[in-house]
Structure formats: C-alpha cells, structure tokens
Amino acid sequence: MRVAVVDCLATGSTGRRLSSVDVIGSGPRLVVGILKKLGAEPHLVECERVLSSGADVLKGFDVLMVSGMSSDIRSAFMVLRKWRGRGPSIAGGPMCVEYRDLLKLGFSAVVWGEAEISLPALVRALDSGDFRGVPNLIFEENGRLVANFALGYAEEPLLWSFEPDTESVRSYRYFWACRVYVEVVRGCSNFYRTTIPIKVPEVVECARCGICRFGELESRISCPLGIPPGCGYCLVPRLYGPARSRPTDRIVKEVAELIELGATRVVLSAPDILDYGRDWLVKPSPLTDPRQPPANLDALEKLLSSVTSIPEFKKREVYLMVENVKPNLVTDEVARVLGRYLKGTTVNIGLETGDNEHHVRLGRPSTIEEVLRAVKLLRECGLKPYVYAIYGLPGESWRTVRSTIKVLKKATKLGAERVILYKFRPLRGSAFEGYPPPSSRDRKALTLKKFVDTLEISFKKKLVGKTVRIAVADAYGENTYIGYTLPHGPVALLKSGDDLRNKIVDAVVLEVKRRKVVCSPVT
Ligand code: SF4
C-alpha cells in the first residue's frame, strides 16, 4: 500500500509556509515511521510541493494522509482537491479537532490525537475498507458520524514502540539548514484548568472543587464539570495527554541519524522540556501536576549530555536547541544545566498576560514573578529567552493590558531577547472555544500591539552592525540569497556575486525589514 503523507503544518490558507519557514515538525516523520513498521510504503511530501509542482506528485499512491493544525484546513483541502478521490484520504495532527469540517470537505476519516493508537488498526482497515474497529477514528457512515474514542492516551509499551523516520527528512527542501524537531516529551503536565467560564457545549464555571490543583494525580485527568485540562486557549493536554518522556537512548539515536543525514539544527521538541523525566518520578501515576515534583535534573543532564556527546556533534557545526519551559520549574540549578549545554540558543517562556490574577485564571501553572525570575536566571546562564504574550484573550481588560506592558518592559530589562505577541484564536475543543477572537479595531489589542511592535523594532535595531552566522538555503533573485540565522533568528537576505547556496557564512546585518534582516557576507 503506497501512502502519500503530506505535511501541511503551518501552511495556513495558502499552501505555503509564511511563518516558521525553517521548521520541520516531528509528527509527519513519526507517521511515516509507524506506516513503514506496519508494512506500508509511505512517502513524505511537503504541501507546497503538492500544490505548486506542475507534475502530479500524488500519482501512483493508494492512500492520502494529511497532517496539519486547525489553521491549515484550507491548505489540507487544496491537497485533497489535487488527490481527486483516487483512494481513501485521512486527516490527522492537531487539526483533528476540526473533524466535522474535514469530513464535510471530503476527507474519508479523521485520526483523533495520537497516531500510535489508530494507525495499526487503520492500516488493516484500509485493506478491508471497514473503519468500524479503528480506535480514535472519526468518519461518516450512512450520514451518521461514527467515532470510536479510545479511553486514555498511548502508554508504554505502545508509546515509543515506533520511531520517527529519519530518512524522510530529505523530503524537505533545505532540510540541512532547517530546525528539525525531535520529540522528547509527549503531552503536558499542566492539568490545571481555567476558572474563566467555558461556553461550549454550554456555559459552565469552575466549582473550585480543587481536584485539578490539589487532587491525586489520577483524579486530575478529568474535571467533574467537563472543563478541558490545561490553559484555556491550549489543546495539548486534551489531545496528547499528560507529559510522558521518551527514552534517552532513542532520542540520541534519532539525533545521530539526522546529523548523519546532514541536519545542522536540532530542536528537542516538548511542550515543556522541563517535564523531561518528571513523569518517571511519579510512575505509575500520570504526571498531571505542573509544579510538583520539581524538574528531574538527573534526567535532563543525562539527555543533554548524551545528545551533545554524539561524535557527529563534534565533527561539524551542529546546533542543539529546546523549545519551551514552564517558568515555575526554572530554578538556579535548572538554568545552570540548560546553560551548560545550550548557551547562545533561544528558549521560549509563556507569559501570555502580565496580570497575576488573569494569568492564574487562564490556567497557567506559574506566577508573574516566576516568569520574570526564569527570564533572569536563563539569561544569566547564557540562554536567549523569548517571552510570549497573547492579545484578545478572554478576561482581558485595560488593567491586564497595562500590567502586561509593565511586565514585558521588566522582562526586557532582565534580558528577554525578544517579545512575541500572538493573537488569541479560539481553538475548537479548547476551553475557550466559545469566545470570539479580538476585533481588528479593539483598542486594548492595538495598544498592546503597538507597544510590542516598538520593542520588536528596538530588538532588531540592536542587530544592525552585528555579525551573524547564516545557513544559506537558496537563491532569492539576482545576486541575492535567502538563509536562516544560526542557531535561531530572523530569516536573512544576503547580497553577493558568489554562489552562496548550501554554505554557512558570516555576514554583517545592514538593515531590518519586517521579518527579515538584510546582510552583507564577511569576506
Ligand atoms: S476539577 Fe473542574 S471544577 Fe474542580 S477545580 Fe478543576 S476546573 Fe474547577
């Protein structure tokens, strides 16, 4: 069975990546790895290639599988049109929460949550054409929606019994210059809930029974009132469950193979890298507490030292990075361990709102003081903290906006490398599903945006005159090249009469243009 696995992640409504252009997620490679082990013949294809190539790249496949986020539905639909109903079409990844729309658009079925739970039975069902026994598969039968939801989340031995396919990384253009994500933790330990009333399927307000904050770890999995776990705007704990850590040796093996294939930038991917190994401390209970136990320093140290001891790391220029940390888990010792292995790289810290009461009401596990402390400690240990905020959140007021501005100023003084502001989008299936996104004329949102834009300009101005290292991916018009700042930074344009493609060069930043920097190579 030949399966086309199409990666639509972050392609939005255009079929092309407009942001996160240099990211290669781990999900589609995992799907390929699972399918290979099950005896199918999968082939990974970038969405842009399916849509922009003159040739019919989907020709000769028996099954289409498309992976994307909720915001990528339009791209997924464009891929489906190219498929022209040549065989079953399956949608999956975080966009599974939009299953009604995906089925309406014409997908044969939608995989809910973790691929390991559904794919073994799905591969058998694709032969027989009978989907009824496939767990976590949603489809229509005689005009009726059928969903066989499995109880719980993937557990060992099923979990980690498949390996993401490393060879498939070659399917991505410029993979050698991209940030290749390697899964190290599945799910998130934050099973606190928002205390802002949910509106879907009906209005419900937290009864403050305390189960999700102080109850036994097992009991925190579900709220008696049905309020989804985690921060109100997030879907990770609901879709992917409590934090579970991947064995260190498997991570090391995958990273080694990726480097051998030519990867230059590896990101240890986790909703929170500091959850790594915390679940082992509470086993067999699920890790549903975002604060206790503290970070597992031994596990973290072992992970980072093992990965950086891979001989290939020393042989050539390779960068190791992590994604997010929960600020409340950052201590002096944690910052020192991260600094030892990740100096000069970025780390993401979620502030979301600078108002303590709002922060807690959203379901965040931290306090504002912990966010600021994390910025300071991580900076002191040589990392470059990026602080994230969201505008238009439920519960936002002039007071919360003013506090957010104040806290972002403090974070910048304490060493935040950048501040990134996102617009609130109500994700289907999250606690905030029923809330509207902010209007483009919302004055509170505009005030926050203006403030962050000013900060962003000053952050970028600081880059002018500095020498940065750039992995040059491709030509970009006459005597111009496009590349990615190493280890992580803005997309760079370089002017040069020499052919710089596939090279790593040093360049001086001349000017900053919106999301890009214009540079001149150092000769
Ligand atoms: S379990 Fe539900 S009702 Fe109880 S405190 Fe948590 S969100 Fe509120």
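The values are calculated or read from the model by the stated rules, or taken from the named source; none is laboratory data. What you see is a predicted model, and the numbers here were worked out from it, not measured in a lab. Note that we place each Cβ from the backbone using ideal geometry, even for glycine, and neighbour counts take in every protein chain shown.
The residue list Val347, Val375 contains one member that is under 14 Å from Lys413 (Cβ atoms) and at pLDDT 95 or above, which is Val375.
Considering segment 249-368, the qualifying strands (runs of 3 or more DSSP E), each wholly inside and each with 1 or more residues that are within 27 Å of Thr195 (Cα to Cα), run over 346-352.
Applying a threshold of 7 Å to beta carbon distances and a minimum spacing of six or more residues, or different chains, the list of pairs starting in segment 195-218 at a residue that is in contact (Cβ under 8 Å) with a residue 24 or more places away in the chain and farther than 21 Å from Pro242 by Cα and ending at one that is near the ligand (Cβ under 6 Å from one of its atoms) and in a loop (DSSP other than H, G, I, E, B) reads Ile198/Ile227. Can Thr447 be described as in the same structural domain as Thr195 (by TED's automatic domain parsing) and out of contact with any Leu (no Cβ under 7 Å at 6 or more places or on another chain)? Yes, satisfied. Among the residues of segment 195-230, the one identified as hydrophobic (A, V, I, L, M, F, W, C), within 8 Å of the ligand (Cβ to nearest atom) and within 19 Å of Asp275 (Cα to Cα) is Cys212.
With a requirement of 3 or more residues that are assigned by TED's automatic domain parsing to the domain that holds Ser430 and surrounded by 22 or more Cβ atoms within 10 Å (Cβ to Cβ), none of the helices (runs of 4 or more DSSP H) lying completely within segment 1-92 satisfies it.
Quick check on Val334: is it among the hydrophobic types (A, V, I, L, M, F, W, C), under 19 Å from the mean Cα position of the chain (by Cα), farther than 25 Å from Arg402 by Cβ and buried (at least 21 other Cβ atoms within 10 Å of the Cβ)? Against the criterion (among the hydrophobic types (A, V, I, L, M, F, W, C), under 19 Å from the mean Cα position of the chain (by Cα), farther than 25 Å from Arg402 by Cβ and buried (at least 21 other Cβ atoms within 10 Å of the Cβ)), Val334 does not qualify. When Tyr174, Tyr192, Tyr233, Tyr240 are checked against the criterion of being away from the ligand (no atom under 16 Å from the Cβ) and at pLDDT 95 or above, Tyr240 stands alone in meeting it. Of the numbered criteria (1) outside any loop (DSSP other than H, G, I, E, B); (2) free of Cβ contacts under 8 Å to residues at least 60 places away in the same chain; (3) crowded, with 18+ Cβ neighbours inside 10 Å, the one Leu500 fails is (1).
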